[in-house]
Amino acid sequence: MGDGFGVGQLTSTQWSLGEADGELLLHTGVTGSAARMGHRLTIALSSWRATVDWDGDKPASVEVTVELNSLEVLTGEGGMTPLSSAEKSLVRSNALKTLQVKRFPQATFRTSSIEPDADSWRLTGTLDLCGRSSEQTVHVEAVRDDAGWRLSGAAVVRHSDHGIKQYSMLMGAMKVTDEVRVTLTASRG
């Protein structure tokens, strides 16, 4: 895999990563006849941890746990007016209710297989969210440079796969899209 993971460059058989190493973001969309009134949100999840177990020069398993109460609305693109601080707080409150964070405080992803895919890895596994499990695929690129490793990952999570009712307003004329894009960027020295 060229600049990918290499056994001679590993210093341990397990990597631990967390919020100090990178950023985990959610990117929402808006749909419906009044979609132009809504904001496309970027939301940070500021408390997460990932463990990567290695088998020689290849990742053997990955587990990621996210504390859902750590979500913070960063930006809102579009909409009729800019997203205010008060609106960000309201969005956070609505998201915590929608995700039933009091009942299900964490989301967890565990791999069942990891396959090389060109210059990246395809992680397939189970995402546990809101008390429901679904199969999830995550694509991760890993590049080594002078500072260490730079990792970037992306996945699409669907509300409907987890029985989550999308937030809506105006009697459904504006609602969050079913698909939420999840991105991760991290560094490891």
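Structure above, values below:
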{"item": "Number of the condition not met by residue 56 [criteria: (1) more than 15 Å from the chain's Cα centre (by Cα); (2) surrounded by 14 or more Cβ atoms within 10 Å (Cβ to Cβ); (3) among the small types (Gly, Ala, Ser); (4) over 17 Å from residue 109 (Cβ atoms)]", "result": "(2)"}
{"item": "Residue that is modelled with the highest pLDDT, among those in segment 145-174 that are open to solvent by 50 Å² or more (accessible area, probe 1.4 Å) and assigned to a loop (DSSP other than H, G, I, E, B)", "result": "165"}
{"item": "Filter pass, residue 87 being open to solvent by 40 Å² or more (accessible area, probe 1.4 Å) and assigned to a helix (DSSP H, G or I)", "result": "yes"}
{"item": "Near pairs, Cβ below 8 angstrom, 6+ apart or cross-chain, from segment 12-39 (outside any loop (DSSP other than H, G, I, E, B)) to any residue that is surrounded by 19 or more Cβ atoms within 10 Å (Cβ to Cβ) and of a type in the set (D, E, K, R)", "result": "30/175; 31/175"}
{"item": "Every pair of residues 6+ apart whose Cβ atoms lie under 9 Å, when the first sits in segment 54-71 and is in contact (Cβ under 8 Å) with a residue 40 or more places away in the chain while the second is part of a helix (DSSP H, G or I) and not β-branched (Val, Ile, Thr)", "result": "57/8; 57/9; 71/92; 71/95; 71/96"}
{"item": "Filter result (over 20 Å from residue 188 (Cα atoms), touching a His at 6+ places or on another chain (Cβ under 7 Å) and open to solvent by less than 60 Å² (accessible area, probe 1.4 Å)) within segment 117-142", "result": "129, 130, 134"}
{"item": "Criterion violated by residue 69 - all others in (1) part of a strand (DSSP E or B); (2) surrounded by 14 or more Cβ atoms within 10 Å (Cβ to Cβ); (3) within 15 Å of the chain's Cα centre (by Cα); (4) not basic (Lys, Arg) satisfied", "result": "(1)"}
{"item": "Selection from segment 175-189 of residues that are under 21 Å from residue 147 (Cα atoms) and open to solvent by 80 Å² or more (accessible area, probe 1.4 Å)", "result": "189"}
{"item": "Selection count, segment 26-46, where residues are among the small types (Gly, Ala, Ser), modelled with pLDDT of 90 or more and open to solvent by 20 Å² or more (accessible area, probe 1.4 Å)", "result": "1"}
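The values are calculated or read from the model by the stated rules, or taken from the named source; none is laboratory data. A quick note: this is a predicted structure, and the numbers were derived from the prediction, not measured. Methodologically, a virtual Cβ is constructed for each residue, glycine included, from the backbone with ideal geometry; neighbour enumeration extends over all protein chains shown. Each accessible area value is taken on the protein alone, full model and side chains, heavy atoms only, with ligands, DNA and RNA left out. Shrake-Rupley method; radii C 1.70, N 1.55, O 1.52, S 1.80 Å.
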